[in-house]
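Visitor: Once you've had a glance at the structure underneath, I'll fire off some questions.
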Amino acid sequence: MACAATLLALVIAYLATSPWLDRVYFSYKTEANAERWTSQSILLQELKATVQALPVAGVEQSLSGLTWDTDRDHLWAVSNRPTELIALDKQGNTLFKTKLDGFADTEAVAYLGDGMLAIAEERLQNIVIVDVPLQTSTIYREGLPFITLNLADKIENKNVEGLGYDIAGDRLFVTKERDPMSLIEIGGFRKTLEGGMALSIRDHKTLINDKVFTTDLASVTFAPQYGNMLLLSEQSKTIIEFNGQNKVIAFSALNSGFAGLEESIPQPEGMTVDDKGNLFVVSEPNLFYRFERM
């Protein structure tokens, strides 16, 4: 009897600190408010997986970050073995590739508008600013502007994992993968690049602790038409959507069955959305997915 009571106490203690309970709670909250939030959400709209597990031509491994170029209406992705910037159309076809010479462990990319990209070097915790290439070429790291974020004391493969830029609000968001997970907001990013010196930095610890029920953070992006933020977990295979008031309004697991997926996405590492509400995801080693708004 004592052993059974001890076991029950351990189970209760585990559940009390487990992301499982948070998932149940937010499932109830989002379903209760789904009708009210549907018109202002990406994940609550009807989505259909129109491109599934497409190998990206010319990329064999380490396909990672993804961003939508609002000016050219195509996508940018990065890989780190080798370090390359890849231009993709919205069906996942490779348009061209650019060698990133002198870059290290390129993990994430975000379009900043006006022909500029931010590229993250994960282990070194650097965010490097580059001009978008127009064709196959080489971008040299030396001499490029960058900032370093000391999110961790060690140089390791779980530092700067995701980048997402809010063009309307001039805010760059940075995710640290885990140990611990972090979401950093850098306000006035473009203004500072242009000489305005208007940086403000905010650590969203409360949001992470109270509302993120996944075990890691692989990517962050914005739905430009709503101003919503989406966070992606690779280990949990889950996307969480927040509105402008940082309320969880929806979440979806990228498992078989979601939006017609035939198989679960194996290792989702990057995502982005366009102005039509279409969702794009890349998975290691080299897979592309398109979820089209119906």
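No value in this document is a laboratory result; all are computed from the given coordinates. Computed from a predicted model, the values in this text were never measured in an experiment. Quick reminder, even Gly has a Cβ in these numbers, built from the backbone with ideal geometry, and neighbours come from all protein chains shown.
Visitor: Could you work out the relative contact order of the range 22-293? I mean the mean sequence separation of Cα pairs under 8 Å and 6+ apart, divided by the number of residues, in percent.
Guide: After rounding, I find 21 percent.
Visitor: Taking amide H atoms as placed 1.01 Å from N in the peptide plane, list the residues 5 or more away in sequence, or in a different chain, whose amide H sits under 5 Å from that of Glu84.
Guide: Answer set, sorted by chain and number: Ser79, Leu100.
Visitor: Could you give the angle, 0 to 90 degrees to the nearest 10, between helix 19-32's Cα long axis and the longest principal axis of the Cα atoms of the chain?
Guide: 90
Visitor: Between helix 2-16 and the chain, what is the angle of the helix's C-alpha long axis to the longest principal axis, kept within 0 to 90° and rounded to the nearest 10?
Guide: That helix lies at roughly 40 degrees to the long axis.
Visitor: With the chain treated as a Gaussian network of Cα nodes joined by springs under 10 Å, which of Ser233, Ser182, Ser200 yields the largest mean-square fluctuation?
Guide: Maximum among the listed residues: Ser200.
Visitor: Next question, about the same structure. What 222 nm value per residue comes from the helices of the chain, counting each DSSP H run with n ≥ 4 as -39,500 (n - 2.57) and dividing by all residues, nearest 500 deg cm²/dmol?
Guide: So the helix-based figure for the chain works out to -4500 deg cm²/dmol.
Visitor: Compute and list, largest first, the equivalent-ellipsoid semi-axes of the range 169-250 from the alpha carbon gyration tensor, each √(5λ) rounded to a whole angstrom.
Guide: Result for the range 169-250: semi-axes of 23, 15, 11 Å.
Visitor: Alpha carbon centre of the range 246-282 versus the range 78-105: separation in Å?
Guide: Going from one Cα centre to the other spans 21 Å.
Visitor: In vacuo Debye scattering of the range 100-215, one point per C-alpha: log10 I(q)/I(0) at q = 0.14, 0.23 Å⁻¹?
Guide: Once normalised to I(0) and log-transformed, intensities are -0.59, -1.41.
Visitor: If I take R0 = 22 Å and measure r between the Cβ atoms of Leu144 and Asp275 in this structure, what FRET efficiency does the formula 1/(1 + (r/R0)^6) give, to the nearest 0.05?
Guide: The formula returns an efficiency of 0.15 here.
Visitor: With a ≥ b ≥ c the root eigenvalues of the C-alpha gyration tensor of the range 143-294, is it rounded (a/c under 1.5), prolate (a/b larger than b/c) or oblate?
Guide: It comes out prolate by the Cα gyration axes.
Visitor: Whole-Hz Karplus ³J(HN,Hα) for the range 169-180, in order, using 6.51 cos²θ - 1.76 cosθ + 1.60 and θ = phi - 60°, x for Gly and Pro?
Guide: x, 6, 10, 9, 9, 10, 10, 9, 4, 5, 6, x
Visitor: Among Ser62, Ile184, Ile208, which residue has its Cα furthest toward the positive end of the charge dipole of the chain, with +1 on Lys/Arg Cβ and -1 on Asp/Glu Cβ?
Guide: Farthest towards the positive end: Ile208.
Visitor: So who's got an amide H within less than 5 Å of the one on Ala108, skipping anything under 5 residues away but keeping other chains? H placed 1.01 Å off N, in plane.
Guide: Here the answer is Gly65, Ala120, since their amide H atoms fall under 5 Å of that of Ala108.
Visitor: How large are Rg and Dmax for the chain when calculated on the C-alpha trace, in angstrom?
Guide: Cα radius of gyration and Dmax of the chain are 19.2, 72 Å respectively.
Visitor: So, in nm, how far is label Leu95 from label Gln45 when the simple model puts each one 7 Å beyond its Cα toward the Cβ?
Guide: Output for this residue pair reads 2.1 nm.
Visitor: In addition: Let's see if you can work this out: charge +1 on each Lys and Arg Cβ, -1 on each Asp and Glu Cβ, no other charges. What is the dipole magnitude of the chain about its Cα centre, in debye to the nearest 20?
Guide: 540
Visitor: In the calculated pair distance distribution of the range 41-182, what percentage of Cα-Cα distances lie above 25 Å?
Guide: It works out to 27 percent of all Cα pairs.
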